[in-house]
1. If you go through the stretch 150-161 one residue at a time, do you hit one that is out of contact with any strand residue (DSSP E or B) (no Cβ under 6 Å at 6 or more places or on another chain), within 11 Å of Phe74 (Cβ to Cβ) and surrounded by 18 or more Cβ atoms within 10 Å (Cβ to Cβ)?
2. Could you tell me whether any residue of the stretch 122-131 is crowded, with 18+ Cβ neighbours inside 10 Å, assigned to a loop (DSSP other than H, G, I, E, B) and on the phi < 0 side of the Ramachandran plot?
3. Among the residues of the stretch 152-171, is there at least one that is in contact (Cβ under 8 Å) with a residue 40 or more places away in the chain and in contact with a helix residue (DSSP H, G or I) (Cβ under 8 Å, 6 or more places away or on another chain)?
Amino acid sequence: MKIAIRLAAVAAAALLAACGQMGSAAPMGPSASATLAPTTGNTAAGTVTFRQVGDQVLVHARVSGLKPGQEHGFHVHEKGDCSSGDGVSAGGHFNPMGKPHGAPGSTDRHAGDLPALKADAQGRVDAQFQVAGIAIGSGATDIVGRGLIVHAMPDDFKTQPTGNAGARIACGVIMPQ
């Protein structure tokens, strides 16, 4: 009797798992995350997770300590190095294809150009979005081991090569999960 109950439980779990995959257009792939720490004199901190979904990456950013009600530039940078205290050690925007700085929806942009983070009235962000042009774990656009930066100001998505987003107020390194 105990074996039959266990088999029924295993079958039910398998059925539930299969149902969870139904309706999913693209298989879930590798994942990564970054813990953002404030740069010297700043308070912005949080966690960002990345999950490969087909040819796009699902990004979930939870950040606090931002200027309330303001947009903040948000980018993957070339180096996974936050040792300088001001985030400059992370280098420039991640740009393996040699494209100009641009808006996240554009195909003609740095791979590291991400949508802006818009802080609420308490200076917090809990945002999810999908990004094309980056990958997790392989290829020229792999973001694992790169820096992740939150900037003090909004990104204008025009000024070359940085978007005029100001100081780096939080820095983290994207690591595989």
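Nothing in this text is a laboratory measurement; each read-out follows from the coordinates by a stated rule. This structure is a prediction, so every number in the text was calculated from the model and none was measured. Here the Cβ is made from the backbone with ideal geometry for all residues, glycine too, and neighbour counts use every protein chain on show.
1. Initial filter on the stretch 150-161 (out of contact with any strand residue (DSSP E or B) (no Cβ under 6 Å at 6 or more places or on another chain)): 153, 155-161.
Of the ones still in play, those that are also within 11 Å of Phe74 (Cβ to Cβ) are 155.
In the following step, the residues that additionally are surrounded by 18 or more Cβ atoms within 10 Å (Cβ to Cβ) were identified as 155.
The answer is yes; a qualifying residue exists.
2. No, that holds for no residue.
3. Taking the stretch 152-171 as the starting set, the residues that turn out to be in contact (Cβ under 8 Å) with a residue 40 or more places away in the chain are 152-155, 157-163, 165-171.
Then drop every residue that is not in contact with a helix residue (DSSP H, G or I) (Cβ under 8 Å, 6 or more places away or on another chain), which leaves 168, 171.
Taking every residue of the stretch 152-171 in turn, at least one turns out to be in contact (Cβ under 8 Å) with a residue 40 or more places away in the chain and in contact with a helix residue (DSSP H, G or I) (Cβ under 8 Å, 6 or more places away or on another chain).
For (1) surrounded by 16 or more Cβ atoms within 10 Å (Cβ to Cβ); (2) of a type in the set (Phe, Trp, Tyr); (3) closer than 20 Å to Ala127 by Cβ, each residue gets a yes or a no:
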position: Met28; (1), (2), (3): no, no, yes
position: Ser33; (1), (2), (3): yes, no, yes
position: Pro38; (1), (2), (3): yes, no, yes
position: Arg51; (1), (2), (3): yes, no, yes
position: Ser64; (1), (2), (3): yes, no, yes
position: Gly73; (1), (2), (3): yes, no, yes
position: Gly80; (1), (2), (3): yes, no, no
position: His101; (1), (2), (3): yes, no, no
